[in-house]
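Right, one structure below, let's go through it.
The values are calculated or read from the model by the stated rules, or taken from the named source; none is laboratory data. Because the structure is predicted, anything quoted here is derived from the model rather than measured. Because the Cβ atoms are built from the backbone with ideal geometry, glycine has one as well, and the counts that use them run over all protein chains shown.
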Amino acid sequence: MNDELLYEIRDGIGFVTLNRPQARNALTFAMYERLAEICGDIEGHGAPKVLVLTGAGEKAFAAGTDISQFRDFRTPEDALAYETRIDRVMTTIESCPIPTIAAISGAVTGGGASIACACDMRIATRSARFGFPVARTLGNCLSMSNYARLATLLGPARVKDIVFTARLVEAEEGHQVGLYNELVADHAGLIARATELATTIAGHAPLTLRATKESLRRLALEGRHAETSDLVVMCYMSADFREGMEAFLGKRPPNWQGK
């Protein structure tokens, strides 16, 4: 399984590669779990400042879950356990304390699309095709958490359109509706731009990034009255805040430590 999900750190940036190009990077359960392990324990995985997720090759970011694993489903518990697992993995990605960037080329469908939507930012090539075509393929559905995440990102009407028609959203439309932050010409440009963007973000105040990410996550779950006093205290009482003030007043770049 280690060869099916690759992980390395380069210059403080973590790179996760879904590495089953022969299967359009369709995810096995073990790959989902490995991804959750990394996102759920960043400190234990080299403490990168930003995480970039991508798929091997140019044909797919990830074409969903490996369908062969569904052959063993026999009971209601099998279905519910699967969606519970996927919810846990997506929530772990979404709750990762550092910024996450999905670098997308080709098919980004099913579980792969869910992973991309759980990331903070998405960059895609013009070959990207996004969707949940289950209405014409497997006849299954998404969990409430996945529907909610999609609706927050794209709006309920567009989610219905995508699921009901089972169509795949082309790159330009995805960019226009806010699914993608940027489009690039090709796969080489994709990785270069994702690395450039990650490097820029990695140079900024880690606690500001963490507080912003967590505040928006709570906002989506609980609304504008969600409790965030812990995040305010985390930032304002940090050594980084003091460093930021002194650096600003001293007209020098700050040296962020993330504490």
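Structure notes:
- Filtered by the rule that a residue be touching a Ser or Thr at 6+ places or on another chain (Cβ under 8 Å) and modelled with pLDDT under 95, segment 118-142 gives a lone residue, L142.
- Residue match in segment 103-115 (condition: part of a helix (DSSP H, G or I), free of Cβ contacts under 8 Å to residues at least 40 places away in the same chain and closer than 19 Å to N146 by Cβ): yes
- A157 closer than 30 Å to D11 by Cα and either surrounded by 17 or more Cβ atoms within 10 Å (Cβ to Cβ) or in the same structural domain as A47 (by TED's automatic domain parsing) (or both): no
- Subset of segment 25-77 that is part of a helix (DSSP H, G or I) and of a type in the set (G, A, S) - its residue that is farthest from G110 (Cα to Cα): G44
- Residue that is at pLDDT below 95 and either in the same structural domain as C119 (by TED's automatic domain parsing) or crowded, with 19+ Cβ neighbours inside 10 Å (or both), where the choices are P48, P21, P76, P99: P76
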